[in-house]
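Let me begin by presenting the structure, written as structure tokens, before commenting on it.
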Amino acid sequence: MLGLLRLGVYPVPAAAQLPPADPVPAERLAARAWFRDARLGLFIHWGVYSQLGQGEWVMQNRGIPVGTYEWLASAFNPVKFDARAWVAVAQAAGVRYITITARHHDGFSMFASDAARYDIVDWTPFGRDPLRELAEECRRAGIRLFFYYSQLDWHHPDYFPRGRTGLASGRPETGDWYRYLDFMDAQLEELLTRYGPLGGIWFDGMWDKPDADWRLARTYAMIHRLQPAALIIPNHHLAPLPGEDVQTFEQDLPGANTAGFNTTQIGTLPLETSLTMNRSWGFNITDTAFKSGRELVRYLVRAAGADANLLLNVGPRPDGTIQPEAVERLRELGTWLATYGTSIHGTRGGPVPPRDWGVTTQRGDTVFVHVLDWPDPMLALPLDGRVRSARMLAGGTPVPFHQTPIGLTLTLPDSAADDPDRVVVLELSRRQSR
Ligand code: FHN
């Protein structure tokens, strides 16, 4: 048992490793409310792996040993990287926050780190810190910046005992787990003290060693101490743990589990769902399976109806440019939000839970009925509020409605075939408002 503990194996599930959470300070509660209002974030998977155009797991998938991958890292030189251009694409899409990979599972740091020489400034000819440039541009544009930080590491010698992955990395079968945890805390301190106020930290990779002692309480406490308004968003696929601020789901709406690794337990924290625009997170040169702008609008709407944010991903190319297919779809989202954003940004899911025909979102006395799939002119909703008026959001055409004690029926105008979402705006009489 003692041997196991010294090796950092802690046969106690993560949940039991954390003391009950202290009351959440006001500024973090305010940050959580801001996060819920934001509704749309841009996820960016970008790094050394982008050079091979086979996604961010190429080191693992092709069994590339550390030495060879280190050479690949030394060739990384994204000369066309332009933080202002990225932020402009995000702004035009109606994005309110960006979450970028500061360090993915390959262990390479996309920022200037004193805790590691294996970083973009020391190890590559590029020599610049893209996260610093992005942080400045985000601040200028009023977009909040989150850093994705991988707890899993296929490069670090102290990520030992190994977990489920990274077994072909060619590292010696030795290492000091707690020295690895110290390394992570040192890097997180750098990220939380050198890039200005952050939206938060988006963790990933704990699932590689689910029974390990990740010392979460210590790391979470440090983050909350260094930046009290920073949010902790863990992609551990478990129900929320003390000290965490957002529950994120991957490639699934909250509660669903088509991906096979998401918990179906929905807690009370703000919710988020991360989604690839094609089938890859990191740049994949042969992955042309891009979802249409229409599909992405409808996913954003379904996420908002489930009271969750959409964190939509792009995988920039090795030269630092974003694929035109992705820019085009982000532009389409922005065009749609220019008209319909009021029914998404700053809303909450409900009052009618998600349905096959669509979802509802609400803000104060206003309810937005998002009709996504409904062939018939009449739509009945179990809405017991007193509706004062009903109109189409686009164009303002009044929508005939009939109110009964058990609900409401709407007579819907024909929809344009390519209309991704017919939005009916209901104004509730204050007395009844939620
Ligand atoms: O392994 C990662 C993967 O590379 C990617 O970062 C996604 C994003 O949510 N998360 C992990 C898979 O669960």
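Of all DSSP beta bridges in the chain, what percent run antiparallel (nearest 5)? Don't jump to the answer; show the numbers that get you there.
Working: 31 of 66 bridges.
Close to 45 percent.
Could you tell me how far the Cα centroid of region 293-328 sits from the Cα centroid of region 213-281, in Å?
19
Can you tell me what percent of all Cα-Cα pairs in region 332-376 are more than 15 Å apart? Let's see the in-between values first.
Details: 466 of 990 pairs.
Tail fraction, whole percent: 47.
Stokes-Einstein at 4 °C, 1.567 mPa s, Kirkwood radius from Cα pairs: D for region 340-423 in µm² s⁻¹?
Details: Rh = 13.1 Å.
Answer, rounded: 99 µm²/s.
Given a Förster radius of 41 Å and the C-beta distance between D319 and R391 as r, what FRET efficiency does 1/(1 + (r/R0)^6) yield to the nearest 0.05?
Values: r = 48 Å, r/R0 = 1.16.
That pair, D319 with R391, gives E of 0.30.
Where Rh is the Kirkwood radius over the Cα pairs of region 256-393, the temperature 10 °C and the viscosity 1.306 mPa s, what D in µm²/s does Stokes-Einstein return?
Details: Rh = 16.8 Å.
Answer, rounded: 95 µm²/s.
Taking the Cβ of V371 as the centre, find all other residues whose Cβ is under 12 Å away and add up their charges (Lys, Arg: +1; Asp, Glu: -1). Before the final figure, lay out each step's value.
On the way: positive: R298, R355, R422; negative: D356, D373, D376, D414, D419, D421.
Summing Lys/Arg as +1 and Asp/Glu as -1 gives -3.
Could you list the trypsin sites (Lys or Arg not before Pro) in region 66-165 that lie in coil according to DSSP, counting only those with at most 13 other Cβ atoms within 10 Å of their Cβ?
Numbers: sites: K80, R84, R96, R103, R117, R128, R132, R139, R140, R144, R162, R164; in loops: K80, R96, R117, R128, R162, R164.
Loop-located and lightly packed - K80, R117, R164.
By the scheme Lys and Arg +1, Asp and Glu -1, what is the net charge of all other residues having a beta-carbon under 11 Å from that of R422?
With Lys, Arg at +1 and Asp, Glu at -1, the neighbours total -4.
Dipole magnitude of region 20-157 about its Cα centre, charges +1 at Lys/Arg Cβ and -1 at Asp/Glu Cβ only, in debye to the nearest 20? Walk me through the intermediate numbers first.
Values: 15 positive and 15 negative charges, 109 e Å.
For this selection, approximately 520 debye.
Averaging over every viewing direction, what projected area does the convex hull of the Cα atoms of the chain cover, in nm²?
Values: hull surface 85.9 nm².
Orientation-averaged projected area of the Cα hull: 21.5 nm².
Å³ per residue of the Cα convex hull, for region 111-255? If you can, show how the numbers build up before the last one.
Numbers: hull volume 20.0 nm³, N = 145.
Per residue, the Cα convex hull of region 111-255 comes to 138 Å³.
If we count every other residue with Cβ under 15 angstrom of R302's Cβ, Lys/Arg +1 and Asp/Glu -1, where does the sum land? List each step's numbers first, then the result.
Numbers: positive: R39, K291, R294, R298, R348, R355, R422; negative: D252, E272, E295, D307, D356, D373, D421.
Net charge around R302: 0.
May I ask what percent, to the nearest 5, of DSSP beta bridges between residues of region 80-189 are antiparallel? Intermediate results must be reported in sequence, preceding the final value.
Values: 1 of 8 bridges.
Roughly 10 percent of the DSSP beta bridges within region 80-189 come out antiparallel.
Measuring from centroid to centroid over Cα atoms, what is the spacing of region 331-390 and region 91-145 in Å?
36
Amide H neighbours of Q54 under 5 Å, counting only residues 5+ apart in sequence or on other chains, H built in-plane at 1.01 Å?
Excluding prolines and chain starts, which carry no amide H, the hits are I285.
Need one number: the % of Cα-Cα pairs in region 211-304 sitting beyond the 16 Å mark. Show your work: numbers first, answer last.
Details: 2769 of 4371 pairs.
Every Cα pair in region 211-304 considered, those over 16 Å come to 63 percent.
Only the coordinates and a few stated rules stand behind these numbers; no lab work does. What you see is a predicted model; the values in this text were computed from it and never measured. Here the Cβ is made from the backbone with ideal geometry for all residues, glycine too, and neighbour counts use every protein chain on show.
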